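Here's the structure we're looking at; comments come further down.
Derivation of every value follows stated rules applied to the coordinates shown; laboratory data play no part. Computed from a predicted model, the values in this text were never measured in an experiment. Every residue, glycine as well, gets a Cβ built from its backbone with ideal geometry; the counts of neighbours run over all protein chains shown.
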There are 2 protein chains.
Amino acid sequence: MSKSTLALIAAGSAVAGASLTALIFSSRPQKVTSVPVPAYPSPPPQPVSAPVSAPLPTPSLTQSPVNPSGVLKYGLTPPIADVNITPSHTSAYNRQTRNPHWVAEHFTPQSLAQHNATRRNSVFHEDVNVPPIFRAKLSDYFRSGYDRGHQVPAADAKWSQEAMDSTFVLSNMCPQVGDGFNRDYWAHFEEFCRTLTKHYPSVRVVTGPLYLPKQYPDGKWRVSYEVVGSPPNVAVPTHFYKVIYGEEAFNSPTGRVALAAFVLPNTEIPNSKSLKDFEVPLEAVERASGLTFADKLPIQRRKRLCTEVNCEILVREFDKTRQQGSALDVGQRNVGQIAQEARKW
Amino acid sequence: MSKSTLALIAAGSAVAGASLTALIFSSRPQKVTSVPVPAYPSPPPQPVSAPVSAPLPTPSLTQSPVNPSGVLKYGLTPPIADVNITPSHTSAYNRQTRNPHWVAEHFTPQSLAQHNATRRNSVFHEDVNVPPIFRAKLSDYFRSGYDRGHQVPAADAKWSQEAMDSTFVLSNMCPQVGDGFNRDYWAHFEEFCRTLTKHYPSVRVVTGPLYLPKQYPDGKWRVSYEVVGSPPNVAVPTHFYKVIYGEEAFNSPTGRVALAAFVLPNTEIPNSKSLKDFEVPLEAVERASGLTFADKLPIQRRKRLCTEVNCEILVREFDKTRQQGSALDVGQRNVGQIAQEARKW
């Protein structure tokens, strides 16, 4: 460990303060603030930080000689999940892994039918709303061996060039294995999601990374994942999840919702593999991610998506002959262009 | 991957809703709510969730055919860091690792001088305010090979039995290597922190786990850590940090603050090792943890603690002959009792 200097310590705080936030103390236990649903977008989307209401003891001066919460005055907070609301997606960013916690999207038969955009000119870009010391950088992916893998795919946002461009922000990316995964099975899985609009007038998908343990020969369970960048900065997830909500009705407070959750390993997957093999209970994703996805959706409104829909990927024969470049050099190229060549949409 | 059933999916949400929270949307960019400092404690401490203010675009209905944020109505939120405010400490819990993000404490010469408690009757207990599917359990530590390692040590809370008891909640614990670390070097480090009250009338310490990458022979950096429990549930940190604030004055809004940050590996450390070797720039802890610690502390109020104080551990000759039990069976015993025997306080 290198030793610190006062200058370094000072510098440490200078860069981190951008989107600082505060504990909001409420003496009304169990009060939960309703969630306003923002409509897109004017003025332009901005990042917001994770927020929360909170029951708390009513402050009262007592005989305690100490005040452990007093340190909050210096700027310590619960971890901030930079929330980014864009035309194509809403995301919550993990400052520790430099990947999103989740990225949420929404599409309909009508939105997918609009072809007003091309990814040809879309440019991968860093999320400047994340403080620099916590930001995933383009250079982290450069020659990393991994694709800059969209969590919300560009192809779901063809209804507007601005929307498509917004999918190229790095806070919508994770390092993904290219051949056999991002450009193959995972792409087919994304296509499967789009086809759900044949069954549901409104489809929501939440996508994100997982870091799962596996059992080693010594019987112990360990989480192990690569970190790319120099110095190492962005975690390479071991798995990815998608939670899918097939809404029977658009914007109905009472309509039923078909749910499905999938967890796929970040590795080459043969197209012969059934998507059903990757279906998991929603609770499994919740345990693994630490998130909740449907607490406010009453049980009587839920259905199981894979009993209504054949949960299998749809393999299109992409023009592989035009897919140049190995996974080792995709960082140098525009992965979007590669994918554009590979995927005939 | 096992396949889901509707019942399982339904169960997934039933258990997770306890401390649910909500996005608070504000159209006033940069507004930061002040942080009220709660005084201890009446009524009893309760957990709260991570909160945050947030700039957001002013909602306006436009031509967008989709509404990605609409999924929030089902209960998806940025990750919730269960905040627990107790007499001895305030903590923020990580639902993914089942360890805290951080645990904050405060002590003074006066608080340490009060000896009104014994850990003999303190009992390790689960944090019932964390939803069950995200909770660290006593059984996870049982025969795990690791100590239930206090982040805020019991010995800092002798001023009240209630305060000391509150340090035994599992949300104040991480799996720590016992021999050579938790019961040795780490304990000496905790003792060093207490001695800082000779120099400062008020001392704050924030402690927590890290999961750091290391470089492997293939040149790649990987994070690798064990997960204990059956099924695996609680991550075993690779390192621990402490950020120390030596306050020149108690409760002064202008007094200077001596800062130091340390990162120690979760492994046996010989007592001959200098504590200075583990001092790091505060920014290093911030990068590794994704947290910020001193954003609101102006540079002109900062000093470097280790230029004022000799940053070395204080080794007491503990009565090792009474320290029974290997690291392999501490899960079965009361680690507090072991430590009580070992540490002559």
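Remark on B:ARG304: its backbone amide H falls under 5 Å from those of B:LEU259, a criterion applied only to residues 5 or more positions apart or on other chains, H modelled at 1.01 Å from N. When the chymotrypsin sites (Phe, Trp or Tyr not before Pro) in the range A:78-156 are filtered for DSSP coil states and for at most 15 other beta-carbon atoms within 10 Å of their beta-carbon, the remaining sites are A:PHE142.
Within 10 Å of the Cβ of each residue in B:83-95, the mean number of Cβ atoms contributed by other protein chains is 4. Taking amide H positions as modeled 1.01 Å from N, with prolines and chain starts lacking one, the residues under 5 Å from B:HIS101 and 5 or more places away or on another chain are B:ALA92, B:TYR93, B:ASN94. Fewest-first ordering of B:ILE244, A:ILE80, B:ILE299, A:ILE133 by other beta carbons within 10 Å of each residue's beta carbon gives B:ILE299, A:ILE133, B:ILE244, A:ILE80. Near the amide H of A:VAL169, within less than 5 Å, lie the amide hydrogens of A:HIS125, all on another chain or at least 5 residues away, with H placed in the peptide plane.
Extending 7 Å from Cα along the Cβ direction at B:GLN114 and again at B:PHE250 yields two label points whose distance is 1.0 nm. A straight chain from B:ILE299 to B:ASP277 at 0.36 nm per residue would run longer than the Cα-Cα distance by 5.5 nm. Couplings for the range A:82-88, taken from phi via the Karplus curve 6.51 cos²θ - 1.76 cosθ + 1.60 with θ = phi - 60°, read 4, 8, 10, 10, 10, x, 8 Hz in order; Gly and Pro are left as x. Across the range B:151-162, computed HN-Hα scalar couplings (Karplus, 6.51 cos²θ - 1.76 cosθ + 1.60, θ = phi - 60°) run 7, 8, x, 4, 5, 7, 10, 6, 6, 7, 5, 4 Hz from first to last residue, x flagging Gly and Pro.
Label zone of B:GLU312 (point 7 Å out along Cα→Cβ, amide N under 17 Å): in the range B:252-273 this covers B:270-273.
Considering only DSSP beta bridges with both partners in the range A:83-342, what is the antiparallel share in %, to the nearest 5?
On the way: 42 of 46 bridges.
For the range A:83-342, the DSSP antiparallel bridge percentage is about 90.
Here the Karplus relation 6.51 cos²θ - 1.76 cosθ + 1.60, evaluated at θ = phi - 60°, turns the backbone of the range B:228-241 into coupling constants of 9, x, 9, x, x, 9, 10, 5, 9, x, 7, 8, 10, 10 Hz, with x for every Gly and Pro.
First measure r as the distance between the Cβ atoms of B:LYS198 and A:LEU138, then evaluate 1/(1 + (r/R0)^6) with R0 = 56 Å and state the FRET efficiency to the nearest 0.05. Step by step, r from the Cβ atoms, then E = 0.70.
Positive contributions from Lys and Arg (+1) and negative ones from Asp and Glu (-1), summed over other residues with Cβ under 14 Å from the Cβ of B:PRO253, come out at +2. Of B:HIS115, B:HIS101, B:HIS89, the sequence from fewest to most neighbouring Cβ atoms within 10 angstrom is B:HIS115, B:HIS101, B:HIS89. Loop-resident GluC sites (Glu not before Pro) (DSSP state other than H, G, I, E or B) in the range B:250-290 with no more than 15 further Cβ atoms inside 10 Å of their Cβ: B:GLU268.
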